[in-house]
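Undergrad: Following this message is one structure expressed as structure tokens.
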Amino acid sequence: MANPDFYTVGGTVQAEDGIYLSRHADEELLALCLNRIFAYVLTPRQMGKSSLMIRTAEQLFEAGIRSVIIDLNEVGVDVSAEQWYLGILTLICEQLSLDLDVVDWWHSNNHLGRTQRLTQFFVDVLLKKISNSVVIFVDEIDTTLSLDFTDDFYAAVRSLYLNRARISDFHRVSFVLIGVATPSDLISDKNRTPFNIGQRIDLTDFTLEEAMPLAEGLGLATAEAKDTLS
């Protein structure tokens, strides 16, 4: 007999709430994160981006690597540039339990531009307070399409990566950008874009082999279940 509770329909699949199907993208993204390589997942909705992100963060935790998950929907779009950046830093501090007055720190460094200030946050705060490697997942980055100041954010991500040659601790920080957009939509300046230095992860349909764990919930013999899934 089929078991309808076996499946999670719609939304993000949590490991404890439903079956999670691994595919090549899971292995690829985890390997990139473990090797501190900047990555991005830009694909249409309902392709499993958020589930992939959460699953990868769980595996990184098991490997001793800290993760931050920033949902830009939570930060919002009806905000000023100051509020947007402060929202991001607040989420980072909360999830990593950093002891910092974010607003005070941000305003005390207002002699710096936003790109340099964001980079300086990682130098002066995050890397000094956290000894582990940290992967920062930024989800729903397509929300930045309606903002006219977020090029500085992408430039900061690029700067953090390129400055690894100068500041070795930057090797401990990497980013995964996730959303529904193309790199050229998000930032048009090729000299500031991080998308020409990162690794793209493509989410493809599941192969029959990858989908076979779903057969358990169908209540059918193996051969029948395989025919149904194919």
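The values are calculated or read from the model by the stated rules, or taken from the named source; none is laboratory data. All of these numbers come straight from a predicted model, not from anything done at the bench. Glycine gets a Cβ as well: all are built from the backbone with ideal geometry, and neighbour counts include every protein chain shown. With ligands, DNA and RNA removed, areas are computed over all heavy atoms of the protein, side chains included. Shrake-Rupley method; radii C 1.70, N 1.55, O 1.52, S 1.80 Å.
Residues checked against (1) under 28 Å from L147 (Cα atoms); (2) at pLDDT 90 or above; (3) of a type in the set (K, R):
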site: Y7; (1), (2), (3): no, no, no
site: Q14; (1), (2), (3): no, no, no
site: R36; (1), (2), (3): no, yes, yes
site: F61; (1), (2), (3): no, yes, no
site: G64; (1), (2), (3): no, yes, no
site: I70; (1), (2), (3): yes, yes, no
site: N73; (1), (2), (3): yes, yes, no
site: I88; (1), (2), (3): yes, yes, no
site: H107; (1), (2), (3): yes, yes, no
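Undergrad: Let me ask another. Give the residue that is nearest to the chain's Cα centre (by Cα), with candidates limited to residues of segment 132-148 that are over 18 Å from F195 (Cβ atoms) and open to solvent by 10 Å² or more (accessible area, probe 1.4 Å). Reasoning before the result, please.
TA: Initially, segment 132-148 is screened for residues over 18 Å from F195 (Cβ atoms), giving 132-134, 146, 148.
Of the ones still in play, those that are also open to solvent by 10 Å² or more (accessible area, probe 1.4 Å) are 132-133, 146, 148.
On the way: N132: 18, S133: 15, S146: 20, D148: 22 Å.
This residue is S133.
Undergrad: If you scan segment 97-131, which residues turn out to be open to solvent by less than 80 Å² (accessible area, probe 1.4 Å) and among the small types (G, A, S)?
TA: Within segment 97-131, S108, G113 qualify.
Undergrad: Let me ask you something else. Taking segment 149-186 on its own, how many of its residues are among the polar types (S, T, N, Q), exposed (fewer than 15 other Cβ atoms within 10 Å of the Cβ) and in contact (Cβ under 8 Å) with a residue 60 or more places away in the chain?
TA: Summing the residues that are among the polar types (S, T, N, Q), exposed (fewer than 15 other Cβ atoms within 10 Å of the Cβ) and in contact (Cβ under 8 Å) with a residue 60 or more places away in the chain in segment 149-186 gives 1.
Undergrad: Further question: Out of (1) modelled with pLDDT under 95; (2) part of a helix (DSSP H, G or I), the odd one out for S131 is which?
TA: Among (1) modelled with pLDDT under 95; (2) part of a helix (DSSP H, G or I), the lone unmet condition for S131 is (2).
Undergrad: Please determine, by comparing only the residues of segment 56-96 that are in contact with a Leu (Cβ under 6 Å, 6 or more places away or on another chain), part of a helix (DSSP H, G or I) and not hydrophobic (A, V, I, L, M, F, W, C), which one is most open to solvent (accessible area, probe 1.4 Å).
TA: Ranking the qualifying residues of segment 56-96, first place goes to Q59.
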